[in-house]
Amino acid sequence: MEHRGLEGFGTIALGSADAPLRATFVPDAGMVCCSLRHDGDELLAPRGGVRAYAERGSTMGIPLLYPWANRLAGFGYGMGSATVELPRTSPLLKLDEHGLPIHGVIPGALSWELLNEPGSGARDSLHARMRWERPELLALFPFRHTVELRARVERAALRIETEVHAEDGAVPVAFGYHPYLTLPGAERGSWEVTLPVRERLALDDEMIPTGASEAFDQRRFALAESDWDDAFARLTEPPTFVLSGGRRRIELKLDGGYSFAQLYAPSGERFACFEPMTAPTNALVSGDGLRFARPGEPFRAAFTISVADLASG
């Protein structure tokens, strides 16, 4: 493990010098994985960079979307006896093109504490904790808890595990990740996608699930210039998303805790996002698919990104 500077932020690099895969995380930018290099080639789209992500929530790399993934239908939600009204002008919130709160809290406002301190030489794992207890955070999500993140690089695979530990009562779980995967050296027209899903959720004009759904059979296809921002449920087993093209095949396997997913791949962009989600978009408002961490019963979710070199096979 090593600390380096990136846009003024300290970073943590995982992976030994002789391993084909190396990952870099930024604690002060929401613990985003800002880089994933395979044999020296970058597999993550940097987009606007780390500072834009930390300060404005402009997503890049592999960001944790917390405490909710994607959008809420409005600025209020109820949870048991708690009714939350989100301040429309809060500097901790990012708004989407429709003026709706999206992707939870601005990452730079989240404080992560490293639980395994860097040692000498290369390291293959990190363990970090975030305490959800500051008044400004509880005003947006009034559930006192802690989040633990573990990441490990082993040869050509990166595993990220997230745990939610409730303290005073039940904590709704609606987070997700948004990996911006790319295939260097291969044109988008040659990329192939495999989706382990059976059902596509219907979305309204503001990208909020309507409650309706339809069967989805387009499990494997060429991405070409198609445009995707679609939500899925009823994942197949094992739930493994695949992006392949050129010399590489990238697999994102859901190891537990994620029952929903999104594919975000705008036409003309050189990335495809397979988004693991613990609940569907807007679950804090609708209650659909929402699960809870309870005192003594932490919620765990994990996924693994693995890379195969097709040229060597």
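Each value in this text was obtained by applying a stated rule to the coordinates, not by laboratory testing. What you see is a predicted model; the values in this text were computed from it and never measured. Positions of Cβ are generated from backbone atoms using ideal geometry, with glycine treated the same way; all protein chains shown enter the neighbour counts.
Tabulated results
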| quantity | calculated |
| --- | --- |
| Residue within region 260-267 that is over 23 Å from LEU181 (Cα atoms) and in contact (Cβ under 8 Å) with a residue 60 or more places away in the chain present | no |
| Single unsatisfied condition, GLN262 versus (1) closer than 16 Å to GLY289 by Cβ; (2) in contact with an Asp or Glu (Cβ under 7 Å, 6 or more places away or on another chain); (3) surrounded by fewer than 18 Cβ atoms within 10 Å (Cβ to Cβ) | (3) |
| Filtered residue count, region 212-231, keeping only those that are touching a Leu at 6+ places or on another chain (Cβ under 9 Å) and over 15 Å from ARG71 (Cα atoms) | 10 |
| Residue check, ARG219 surrounded by 15 or more Cβ atoms within 10 Å (Cβ to Cβ), touching a residue at least 24 places away in the same chain (Cβ under 8 Å) and closer than 18 Å to SER190 by Cα | no |
| Subset of region 30-44 [assigned to a loop (DSSP other than H, G, I, E, B) and surrounded by 22 or more Cβ atoms within 10 Å (Cβ to Cβ)] | GLY30, MET31, LEU43 |
| Odd one out for ILE208, checked against (1) more than 14 Å from PHE25 (Cβ to Cβ); (2) in contact with a Phe, Trp or Tyr (Cβ under 7 Å, 6 or more places away or on another chain); (3) of a type in the set (Val, Ile, Thr) | (2) |
| Residue satisfying all of: in region 11-29; assigned to a helix (DSSP H, G or I) and either of a type in the set (Asp, Glu) or touching a Pro at 6+ places or on another chain (Cβ under 8 Å) (or both); surrounded by the most Cβ atoms within 10 Å (Cβ to Cβ) among these | ALA29 |
| Options THR236, THR278: the member that is of a type in the set (Val, Ile, Thr), out of contact with any helix residue (DSSP H, G or I) (no Cβ under 9 Å at 6 or more places or on another chain) and surrounded by fewer than 21 Cβ atoms within 10 Å (Cβ to Cβ) | THR236 |
| Pick from region 50-68, criterion assigned to a helix (DSSP H, G or I) and among the small types (Gly, Ala, Ser), ranking: surrounded by the most Cβ atoms within 10 Å (Cβ to Cβ) | ALA54 |
| Single residue of ARG51, ARG71, ARG47, ARG37 found to be farther than 28 Å from ALA293 by Cβ, of a type in the set (Lys, Arg) and touching a strand residue (DSSP E or B) at 6+ places or on another chain (Cβ under 7 Å) | ARG37 |
| Subset tally (residues that are assigned to a loop (DSSP other than H, G, I, E, B) and either surrounded by 22 or more Cβ atoms within 10 Å (Cβ to Cβ) or not aliphatic (A, V, I, L, M) (or both)) for region 143-187 | 15 |
| Only listed residue being part of a strand (DSSP E or B) and out of contact with any Phe, Trp or Tyr (no Cβ under 6 Å at 6 or more places or on another chain), chosen from ARG123, ARG47, ARG129 | ARG129 |
| Spans of strands (runs of 3 or more DSSP E) in region 196-292 with at least 2 residues under 16 Å from the mean Cα position of the chain (by Cα) and of a type outside the set (Lys, Arg) | 228-235, 240-245, 248-256, 260-265, 273-277 |
